[in-house]
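Reviewing the structure listed below.
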Amino acid sequence: MPGTSPGMTNLANGKAHMTEAINAIRAPNAATAPSPLLSVTNIEVVYDDVILVLRGLSLEVPKGAIVALLGANGAGKSTTLKAISGLLKTEDGEVTRGEIVFDGERINGIDPDKIVRRGIFQVMEGRRIISDMTSLENLRLGAFTRSDNGVGADIDIVFRYFPRLKERTGLAGYLSGGEQQMLAIGRALMARPKMILMDEPSMGLSPLLVKEVFAIIKEINRDLGVTILLVEQNARAALSVASHGYIMEQGKVVLDGSADELRDNEDVKEFYLGGAGDQHKSFKNLKSFKRRKRWL
């Protein structure tokens, strides 16, 4: 193509390769109204057989979308992700009621490695990279469920999204917080997932790095069609990339809507977008919460 450099052509070809390889799923046509990629219906989660954490939680994530799950500490956001990815078992947790359906199949109770093979990869809170391995070794670890010959090509794709990782040849433990977050996202891409669960990607990052990481998250979703469920306390950053959002309190969803609706909601502005000051408030006393509660 006239005016197109070889570098740009290679990048376009690389993105096309990964898009095809992971069976990229674009945003659904509203007219066809397809089933969501992920459907969580009325689930309850109990830890240690006695501690009820999730109380009838329901949410849906359309194919190809970014959906934000917002709430304060202790609301149950991370537990929701672990219920979906099968990691509750590692913490004596269990889904005791309800149903989790991914790509048309129920995944409650399935082992985490089998859930990864079905197309879900979770980027854990705190990154959880292997500090005494190099960035390249961490990326290869993300492809542990694969047996194809495309791992090397996909590593090149990750380096195109996160070029600074290619420059960091030492141990991953010496990377900055932002670079470790990039590595964690890159490792998830190496599994060729249909959906990535991201738990607090902004944690510990400067505002400038938060902006950079979220821009790349949006780019990955747009270019590769990877569906993303994003857990965040930074509501402003999450709603800047998401198309829809859910707000949790005390183990259940108390409000949901499009990202634009939530940004314009006066209660959300006050509680999550900087208007509440230092005083902790709750949705319990709001009319919007009371209206929704009648339907739970």
* **Subset of the stretch 61-73 [among the small types (Gly, Ala, Ser) and in contact with an Asp or Glu (Cβ under 9 Å, 6 or more places away or on another chain)]** => 68, 71, 72
* Name the residues in the stretch 219-238 that are touching a residue at least 40 places away in the same chain (Cβ under 8 Å), surrounded by 15 or more Cβ atoms within 10 Å (Cβ to Cβ) and part of a helix (DSSP H, G or I), would you? -> 220, 221, 223, 224, 235, 238
* Asked: Looking at residue 281, is it part of a helix (DSSP H, G or I), at pLDDT below 90 and either open to solvent by 40 Å² or more (accessible area, probe 1.4 Å) or out of contact with any Phe, Trp or Tyr (no Cβ under 8 Å at 6 or more places or on another chain) (or both)?
  -> no
* To do: Could you tell me which of the residues 105, 125, 91 is open to solvent by 40 Å² or more (accessible area, probe 1.4 Å) and under 19 Å from residue 226 (Cα atoms)?
  => 105
* Residue list for the stretch 105-114, filter: of a type in the set (A, V, I, L, M, F, W, C) and modelled with pLDDT of 95 or more -> 107
* Inspect all residues belonging to the stretch 145-152 and state whether any of them is hydroxyl-bearing (Ser, Thr, Tyr) and out of contact with any Leu (no Cβ under 8 Å at 6 or more places or on another chain). => yes
* To do: Scan 164, 168, 117 and give me the residue that is open to solvent by 50 Å² or more (accessible area, probe 1.4 Å), in contact with a strand residue (DSSP E or B) (Cβ under 9 Å, 6 or more places away or on another chain), without any contact (Cβ under 8 Å) to a residue 40 or more places away in the chain and not aromatic (Phe, Trp, Tyr).
  => 168
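The values are calculated or read from the model by the stated rules, or taken from the named source; none is laboratory data. Everything quoted here is computed from the prediction, not taken from an experiment. Here the Cβ is made from the backbone with ideal geometry for all residues, glycine too, and neighbour counts use every protein chain on show. With ligands, DNA and RNA removed, areas are computed over all heavy atoms of the protein, side chains included. Shrake-Rupley method; radii C 1.70, N 1.55, O 1.52, S 1.80 Å.
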